[in-house]
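> Sharing a structure here in structure tokens format.
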Amino acid sequence: MSDRNDPYTDETKTPWFKKLVDTIIEAPNQLSLLCISALVYYKMKLAASRQNQRPPGEPLTIEEANLAHIDAEIQAHKFSPSLVFRDYTLRELLEHNGTKDGKRILMAVNNKIYDVTYAKHFYGPNGRHHHLAGREISRTILNLPNPDPFKFDDFSSLTEEQQKTLKEWADEHMGRYAVIGYVHPTFEEDPNAYYEDDADLILNI
């Protein structure tokens, strides 16, 4: 059969790159818009990725912008006679992540538990740092892996420098909050460390 009689011959012989060039010439504005959109999307994803990645050893940065309007309440709460001192296992601590009505918002650093309820704008369900609430965040602060978030950790494996960084971080960010107890191991993990009486814990704060 002659090529002259084949209606598809010209189309199949047209190189793909010529088709692309023809498309660009016919619709330059649409292509430009597509390229710009792709570039903006790439930049946004790259920025988000960099924000979520910290070099090993770089302490966690949290933003508690302008706490002046509630700082007086936070400070007063530190000395409130209504404070209940008790110890928590890690699973019990998770119950206080701000998602359960009637429960205070707690978080722990170096196994010391802080009541951050008055900063619910930051640690509550809609807060910037809600992912920290109800947790022991020492390894998160130090950007260290935490293979089992429900296994008690006495942090004895930390270096002296890491311990110093942890203390400085807690002094800077948690000093305003009331200390209401400590994280303790479960009875199965360490029977001798399990407090039978909350009064025992109060003496150790």
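> Kindly provide the set of residues from segment 92-103 that are within 26 Å of residue 189 (Cβ to Cβ), surrounded by fewer than 20 Cβ atoms within 10 Å (Cβ to Cβ) and either touching a residue at least 60 places away in the same chain (Cβ under 8 Å) or of a type in the set (Asp, Glu) (or both), ordered by number.
Matches in segment 92-103: 92, 95.
> Can residue 56 be described as modelled with pLDDT of 65 or more and either surrounded by fewer than 17 Cβ atoms within 10 Å (Cβ to Cβ) or among the β-branched types (Val, Ile, Thr) (or both)?
no
> Does residue 122 count as aromatic (Phe, Trp, Tyr), at pLDDT below 95 and within 19 Å of residue 90 (Cα to Cα)? I'd like the intermediate steps shown before the answer.
Working: aromatic (Phe, Trp, Tyr): yes; at pLDDT below 95: yes; within 19 Å of residue 90 (Cα to Cα): no.
It is false that residue 122 is aromatic (Phe, Trp, Tyr), at pLDDT below 95 and within 19 Å of residue 90 (Cα to Cα).
> If you take the residues of segment 116-143 that are in contact (Cβ under 8 Å) with a residue 40 or more places away in the chain and assigned to a loop (DSSP other than H, G, I, E, B), which of them is surrounded by the most Cβ atoms within 10 Å (Cβ to Cβ)?
116
> How many of the residues making up segment 118-143 are of a type outside the set (Asp, Glu) and in contact with a Leu (Cβ under 8 Å, 6 or more places away or on another chain)? Steps first, please.
Keep residues of segment 118-143 that are of a type outside the set (Asp, Glu), which gives 118-135, 137-143.
Filter once more, keeping what is in contact with a Leu (Cβ under 8 Å, 6 or more places away or on another chain): 119, 123, 133-135, 137-138, 140-143.
Number satisfying all stated conditions: 11.
The values are calculated or read from the model by the stated rules, or taken from the named source; none is laboratory data. Every value quoted in this text rests on a predicted model; they were computed, and no experiment measured them. When we count neighbours, we look across all protein chains shown, and the Cβ atoms used for this are built from the backbone with ideal geometry, even at glycine.
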